[in-house]
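Undergrad: Structure below; questions to follow.
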Amino acid sequence: MKMLKVMTAISAVTLALAGCNSKSSAIKIGSIGPLSGNYAVYGGDCKNGVELAINEINAEGGVNGQLIELIAEDDEGQPEKSVSAYKKLVTKDGVKLIVGSLTSGCAIAITPLAQAQKIVQVAPAATAPALTDAGNYIFRACYDDPFQGTVGGKFAAENLGAKNAAILYDIGNDYSVGLTENFRAAFEKAGGSIVSLESYSTGDKDFNAQLTKIKNANPDVVYLPDYYSTVALIVKQLRAQGINTPIVGADGWDGLTENAGDEVLNGFYSNHYAADSTEPKVQNFVKNYKAKYNLTPTSFAALGYDAIYMIRDAILKAGSADSEKVRTALEATNGDYVTGHLTFNEKHNPVKGAVIVELVKGEDGKLTTVYNTTVNP
């Protein structure tokens with residue numbers, strides 16, 4: 001009887017140790033993004049995509065026999081909180097691989113730290129060009145603003161046939177400024193003219209003064225390079241002033257279908273993928289995402305999903321989750337993902353195409369997006 005108790009105790013200790021070893025052997029991946037605040041829609045979608053990918057990978061046995069453990073942090077879309085989240089993940093949780101942050105300012109805030117500490121950082125949707133200047137441990141899953149702004153300018157001139165464009169942008173937002181500069185260059189290169197260039201400050205709610213100037217300039221198209229929450233406000237006032245031209249934007253518009261009305265019709269924006277694509281990888285992703293979340297995945301969900309699979313593939317290739325080995329393997333990425341066939345250039349920026357989607361009303365009367373065209377590098 002005494003021997004049975006001893007054996008039972010030993011078994012309990014063995015099981016406890018096995019549990020600890022199993023947990024400690026997991027590959028920890030940190031994620032940073034806005035799960036609350038102004039950009040929570042983006043952050044929530046991205047986290048959903050990240051979680052879906054990890055669940056799929058773990059269901060297949062993980063990576064090289066190790067499961068992935070996600071540790072998610074909320075930065076509320078504020079750079080100083082991104083830094084705090086990063087320090088917590090690295091110092092307390094021992095994370096060596098990070099997906100995030102989402103917006104350009106927040107992602108750039110942590111790149112010097114990640115580079116100095118040899119932490120692999122994959123930014124899902126930060127499009128500011130300066131992001132990857134920090135060094136060779138920094139990657140992005142999305143194309144950058146120069147390409148996206150160029151796509152918008154070329155589309156407005158060549159596909160919409162516009163000759164005169166107006167731009168209304170946030171002068172204090174790197175994302176908005178970068179898109180403006182590159183849209184302008186591409187539109188003018190295609191033979192168009194910028195007839196009105198107006199700005200506002202982050203947080204502004206009344207755009208009527210700028211829109212009056214834009215209306216008087218009589219543009220063929222209006223470019224609005226900002227996030228969906230601000231764009232939704234602008235477009236209501238724009239249409240109320242009788243400006244009925246096509247409107248063009250960028251990936252920050254993702255979310256308009258749930259947060260705007262018919263005023264955004266005749267709107268087009270560059271994006272990282274189209275949910276109505278016939279590509280098998282896209283169809284499978286959309287099907288699984290809808291089954292789990294009962295929502296159509298935005299590009300932020302797709303980019304978060306791809307970021308995890310890019311890291312998974314790099315760990316498989318490296319045969320290790322060591323950050324230096326993963327970094328080297330990531331540089332050699334050459335594969336098909338939901339947002340397209342992807343390789344990296346020397347600055348760790350993806351080389352892949354962009355799609356233009358159009359805002360339309362679906363058969364159910366609700367706003368949705370449909371694929372319009374693809375612009376390749």
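Undergrad: If you average the C-alpha positions of segment 142-163 and of segment 241-300 separately, how far apart do those two centres end up, in angstrom?
TA: So the two Cα centres are separated by 17 Å.
Undergrad: Now, a different point. Scaled to the compact-protein estimate 2.2 N^0.38 Å, what is the alpha-carbon radius of gyration of segment 193-237, rounded to two decimal places?
TA: In units of the 2.2 N^0.38 Å rule of thumb, it is 1.11.
Undergrad: Give me the percent of accessible area attributable to carbon and sulfur for segment 231-328, probe 1.4 angstrom.
TA: Taking all protein chains in place, segment 231-328 shows 47 percent carbon and sulfur surface.
Undergrad: Mind checking which lysines have their Cα closer than 21 Å to the Cα of Lys215? Skip sequence neighbours fewer than 8 apart in that chain.
TA: Lys163, Lys205, Lys236
Undergrad: Summing Lys, Arg as +1 and Asp, Glu as -1, what charge do residues with Cβ under 12 Å from the Cβ of Val370 carry, Val370 excluded?
TA: -2
Undergrad: Still on this model: Once ligands and nucleic acids are excluded and a 1.4 Å probe is used, how much of Lys347 is accessible, expressed in Å² to the nearest 10?
TA: Accessible area of Lys347: about 80 Å².
Undergrad: Using +1 on the beta carbon of Lys and Arg, -1 on that of Asp and Glu, and nothing else charged, what's the dipole of the chain about the Cα centre, debye to 20?
TA: 1060 debye
Undergrad: With only alpha-carbon atoms in the gyration tensor, what are the semi-axes of the equivalent ellipsoid for segment 251-377, in Å, largest first?
TA: Rounded to whole Å, the semi-axes are 31, 16, 12.
Undergrad: Please work out the ratio of the alpha-carbon Rg of segment 248-294 to 2.2 N^0.38 Å and round it to two decimals.
TA: Cα Rg divided by the expected 2.2 N^0.38 Å: 1.33.
Undergrad: Right, another one. With a ≥ b ≥ c taken as the square roots of the eigenvalues of the C-alpha gyration tensor of segment 130-202, please select rounded if a/c is under 1.5 and otherwise prolate if a/b is larger than b/c or oblate if it is not?
TA: In terms of gyration-tensor shape, oblate.
Undergrad: Let me ask something additional. Could you order the peptides 92-99, 252-259, 364-371 from most to least packed, using the average number of other C-beta atoms within 10 Å per residue?
TA: Result, highest mean Cβ count within 10 Å first: 252-259, 92-99, 364-371.
Undergrad: Enter the angle in degrees (range 0 to 90, nearest 10) between the Cα long axis of helix 299-318 and the first principal axis of the Cα atoms of the chain, meaning the one along which they spread out most.
TA: Taking Cα atoms only, the helix is inclined about 40 degrees.
Undergrad: Treat each spin label as a single point 7 Å out from the Cα along the C-beta direction, and report the Leu67 to Asn376 distance in nm.
TA: Inter-label distance under the simple model: 4.3 nm.
Undergrad: Among DSSP beta bridges lying fully in the chain, give the percent that are antiparallel, nearest 5.
TA: Around 35 percent of the beta bridges assigned by DSSP in the chain are antiparallel ones.
Undergrad: Then there is this: Which of the lysines could a cross-linker bridge to Lys292, judged by Cα under 18 Å and excluding same-chain residues fewer than eight apart?
TA: Straight-distance partners of Lys292: Lys47, Lys281.
Undergrad: Taking the Kirkwood radius as the inverse of the mean 1/r across Cα pairs, report the Rg/Rh of segment 155-293.
TA: 1.01
Undergrad: How many angstrom lie between the C-alpha centres of segment 54-130 and segment 321-377?
TA: 19 Å
Undergrad: Hey, what's the chain come to in accessible area per residue, 1.4 Å probe, Å²?
TA: Result: 42 Å² per residue.
Undergrad: With all protein chains present, how much of the accessible area of segment 123-195 (probe radius 1.4 Å) comes from carbon and sulfur, to the nearest whole percent?
TA: Carbon and sulfur together cover 43 percent of it.
Undergrad: Can you compute the FRET efficiency between Asn334 and Asn259 using 1/(1 + (r/R0)^6), with r the Cβ-Cβ distance and R0 = 41 Å? Round to the nearest 0.05.
TA: 0.65
Undergrad: On to the next question. As I understand it, the value is the acute angle between the Cα axis of helix 145-154 and the longest principal axis of the Cα atoms of the chain; what does it come to in degrees, rounded to 10?
TA: 40 degrees
Undergrad: Taking just the C-alpha trace of the chain, give me its Rg and Dmax in Å.
TA: So, for the chain, Rg and Dmax equal 22.6, 95 Å respectively.
Undergrad: I would also like to ask the following. Between Ile171 and Thr343, what is the label-point separation in nm under the 7 Å Cα-to-beta-carbon projection?
TA: 4.3 nm
Undergrad: Please compute the length gained on full extension between Glu158 and Asn284, using 0.36 nm multiplied by the number of residues separating them and subtracting their Cα-Cα distance.
TA: 42.1 nm
Undergrad: Each label point is 7 Å from the Cα along the Cα-to-Cβ direction; what then is the distance between the points at Asn244 and Lys88, in nm?
TA: Here the answer is 5.1 nm between the modelled labels.
The values are calculated or read from the model by the stated rules, or taken from the named source; none is laboratory data. Quantities reported herein were computed from a predicted structural model and do not represent experimental measurements. Neighbour counts run over all protein chains shown; Cβ positions are idealised from the backbone, glycine included. Side chains are part of the model used for accessible areas, which takes the heavy atoms of the whole protein and leaves out ligands, DNA and RNA. Shrake-Rupley method; radii C 1.70, N 1.55, O 1.52, S 1.80 Å.
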